[in-house]
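Report on one structure; see the data block that follows.
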Amino acid sequence: MIHHDRLLIIDFGSQVTQLIARRLRELNVYCEIHPFNKVDDAFLAAFAPKAVILSGGPSSVFAEGAPMPPAAVFTLGVPLLGICYGQQVMMHCLGGKVERGHGTAEFGRAYVTPAAGGLDLLEGWFDAGPEQVWMSHGDHVSAIAPGFSVYGTSPNAPFAITADPARRFYAVQFHPEVHHTPRGAQLYANFVRLAGFAGDWTMGAYREEAIRKIRAQVGDAKVICGLSGGVDSSVAAVLIHEAIGDQLTCVFVDHGLLREGEAAQVVTMFRDHYNMPLIHADESALFLDALDGVSDPEVKRKTIGRLFIDVFQKHATAVGGAKFLAQGTLYPDVIESVSFSGGPSVTIKSHHNVGGLPEKMGLQLVEPLRELFKDEVRALGRELGLPASFIGRHPFPGPGLAIRCPGEITREKLAILRKADAVFIDQIRKHGLYDEIWQAFVAILPVRTVGVMGDGRTYDFACALRAVTSVDGMTADYYPFTHDFLGETATRIINEVPGINRCTYDITSKPPGTIEWE
Ligand code: XMP
């Protein structure tokens, strides 16, 4: 099936717009977020949404050039849901009144009580009393538009929930998509049900659509893809290979900073199992020589990033006339890039990817995962038959072991680190903890310590174990291993890894720490 019912989210720049999409995807509804200034009458006609949601946003309807949807949104004859700023836009456009905040801004938790019954959007709400919601707004609606009635109020928001049921227009002042509106998902479920969505958007359907789109975009041109062995680039590669076969060539750059057995794993899987044209570029000598004597983390990252681009370009040129570069860009990356509030932010670490390549090489991008969240990429990977053990892999940073080796990187230290890391991950797997942990690894520390093994003195490296829980890598907490687990792991590492005689566990959260050591 190719044609699904589509829901359009018009984005006015709220930080949480992508969560609306998240809630809808959970309901198997296909939706797309588009910034308000890209949505005009022609777009609406072509998109043909079955329902429209107007997101929240930081603006004021009074501001010069305030973000507005095209008027046609109100005459499409489809259900409309306005959230926060979206509510104010609806009232402003439909004949109600919005007033400036004047200190009445309301942020945070509030409780809504029903003002009238019988609204289809609210089915199941208020059954157990007032509903907790999350408010975040400056201006407020002071008079609702003709045709609207009030269905829910909170102490500071007399028009918390309003609707014009005849036109199926709904407007809420709070954010039902956030965690702090615990039963907000129910409102979205009600909304898509009353709009008549079948809830038939599945990964199987996504796969078919994505393949069709890739073929249409690429035609008979060649595509290259930087395969890192991570989940995103792997899923993208498998999907694109399914669409265009050997027009795709993957380049796997081995910078000598991979984990034990990693290069072999990636090559076996993609070249042998999937039969994909794959260039295994063993450039470890180049990278490790360039990193010789480098101990500053930013210099390490920049060196690796620069060499990576050079090497990738060299091998990609050898493919001959590729016109497209495939990337495993995810939806959250795309959304961030249309954020209205994005200002200059401090660089904590220079993250390394193939950024800058498309312009340099005159390539167009193929990004078949642009519409997916991380867990959806995993679901798509399963749909494509990638092994579960591969899909569930912890993230691994582009600069690899270089940033787990504070101070100078030497081949000797890397070899020790690889062994210790393998033991730690083996321990975690043996205890059935791998899937509970966002990321786990060992860092080899630039200090030697004194120990005693057998009857002899040792003077070897110390290492730190790191294991964190996280939902997105932005914040993280250390994993609460039992003392028994930690003791057993330390014993194994010290016994099995020559070169390490001391083992510590890093219990720093992020912030203030970061996940990686550099
Ligand atoms: P930090 O260390 O900043 O890392 O807390 C957050 C997440 O990002 C990963 N990471 C990277 N991933 N290239 C990547 O592809 C990089 O340069 C990079 N640096 C950190 C890190 O492993 C963690 O999951």
TODO: Return yes when Ala198 is open to solvent by 40 Å² or more (accessible area, probe 1.4 Å), away from the ligand (no atom under 16 Å from the Cβ) and out of contact with any strand residue (DSSP E or B) (no Cβ under 6 Å at 6 or more places or on another chain) and no when it is not.
DONE: yes
- [ ] Go through (1) under 29 Å from the mean Cα position of the chain (by Cα); (2) among the polar types (S, T, N, Q); (3) within 13 Å of Met90 (Cβ to Cβ) one by one and return the number of the condition Thr162 breaks.
- [x] (1)
- [ ] Could you pull out the residue among Trp125, Trp134 that is within 31 Å of the chain's Cα centre (by Cα) and part of a loop (DSSP other than H, G, I, E, B)?
- [x] Trp125
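One line per residue, one yes/no per condition, for (1) touching a His at 6+ places or on another chain (Cβ under 8 Å); (2) free of Cβ contacts under 8 Å to residues at least 24 places away in the same chain; (3) surrounded by 14 or more Cβ atoms within 10 Å (Cβ to Cβ):
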| residue | (1), (2), (3) |
| --- | --- |
| Ile10 | yes, no, yes |
| Leu27 | no, no, yes |
| Tyr30 | yes, no, yes |
| Asp40 | no, no, no |
| Ala63 | no, yes, no |
| Pro69 | no, no, yes |
Open item on the list: Looking for something buried (at least 17 other Cβ atoms within 10 Å of the Cβ), at pLDDT below 95 and within 16 Å of the ligand (Cβ to nearest atom) - is there at least one such residue anywhere in the stretch 408-426?
Closed with: no
Task: Neighbours by Cβ (under 6 Å, 6+ apart or cross-chain): first from the stretch 138-162, on the phi > 0 side of the Ramachandran plot; second among the aliphatic types (A, V, I, L, M) and open to solvent by 10 Å² or more (accessible area, probe 1.4 Å) - done: none
- [ ] Return yes when Tyr459 is hydroxyl-bearing (Ser, Thr, Tyr) and more than 16 Å from the ligand (Cβ to nearest atom) and no when it is not.
- [x] yes
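Matching residues to (1) touching a strand residue (DSSP E or B) at 6+ places or on another chain (Cβ under 8 Å); (2) assigned to a strand (DSSP E or B); (3) within 25 Å of Ala189 (Cα to Cα):
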{"position": "Ala63", "(1), (2), (3)": "no, no, no"}
{"position": "Ala66", "(1), (2), (3)": "no, no, no"}
{"position": "Phe74", "(1), (2), (3)": "yes, no, yes"}
{"position": "Val78", "(1), (2), (3)": "yes, no, yes"}
{"position": "Gly82", "(1), (2), (3)": "yes, yes, yes"}
{"position": "Gln87", "(1), (2), (3)": "yes, no, yes"}
Task: Subset of the stretch 337-373 (residues that are crowded, with 16+ Cβ neighbours inside 10 Å, modelled with pLDDT under 85 and within 23 Å of Val223 (Cα to Cα)) - done: His352, Asn353, Val354, Leu357, Met361, Glu371
TODO: Please work out which one of (1) at pLDDT 90 or above; (2) in a loop (DSSP other than H, G, I, E, B); (3) exposed (fewer than 13 other Cβ atoms within 10 Å of the Cβ) is the condition Gly103 fails and give its number.
DONE: (1)
Open item on the list: Which count do you get for residues in the stretch 385-407 that are within 15 Å of the ligand (Cβ to nearest atom) and either assigned to a loop (DSSP other than H, G, I, E, B) or open to solvent by 30 Å² or more (accessible area, probe 1.4 Å) (or both)?
Closed with: 10
- [ ] Could you tell me whether Phe481 is part of a loop (DSSP other than H, G, I, E, B) and away from the ligand (no atom under 16 Å from the Cβ)?
- [x] yes
Open item on the list: I'm checking my understanding of the structure. Among residues of the stretch 484-503 that are of a type in the set (S, T, N, Q) and surrounded by 15 or more Cβ atoms within 10 Å (Cβ to Cβ), which one is farthest from the ligand (Cβ to nearest atom)?
Closed with: Asn501
TODO: Would you tally the residues in the stretch 229-250 being touching a strand residue (DSSP E or B) at 6+ places or on another chain (Cβ under 7 Å) and at pLDDT 95 or above?
DONE: 9
Task: Inter-residue pairs, beta-carbon under 7 Å, first more than 6 Å from the ligand (Cβ to nearest atom) and open to solvent by 50 Å² or more (accessible area, probe 1.4 Å) and in the stretch 506-518, second of a type in the set (A, V, I, L, M, F, W, C) and modelled with pLDDT of 95 or more, 6+ apart - done: Trp517/Ile403; Trp517/Ala443
- [ ] List every residue pair whose Cβ atoms sit under 9 Å apart, with the two residues 6 or more apart in sequence or on different chains, where the first one lies in the stretch 394-409 and is within 28 Å of Asp375 (Cα to Cα) and the second, anywhere, is part of a helix (DSSP H, G or I) and within 7 Å of the ligand (Cβ to nearest atom).
- [x] Pro397/Ile403; Gly398/Arg301; Pro399/Arg301; Ala402/Arg301; Ile403/Arg301
Task: For Glu436: the one exception among (1) at pLDDT 95 or above; (2) farther than 21 Å from Arg393 by Cα; (3) open to solvent by 20 Å² or more (accessible area, probe 1.4 Å) - done: (2)
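The values are calculated or read from the model by the stated rules, or taken from the named source; none is laboratory data. Computed from a prediction, not measured in an experiment: that's the story for all the values here. Neighbour counts are summed over all protein chains in view; Cβ atoms, including those assigned to glycine, are modelled from backbone coordinates with ideal geometry. When the accessible area is computed, the model is the full protein with side chains, heavy atoms only, and any ligands, DNA or RNA have been set aside. Shrake-Rupley method; radii C 1.70, N 1.55, O 1.52, S 1.80 Å.
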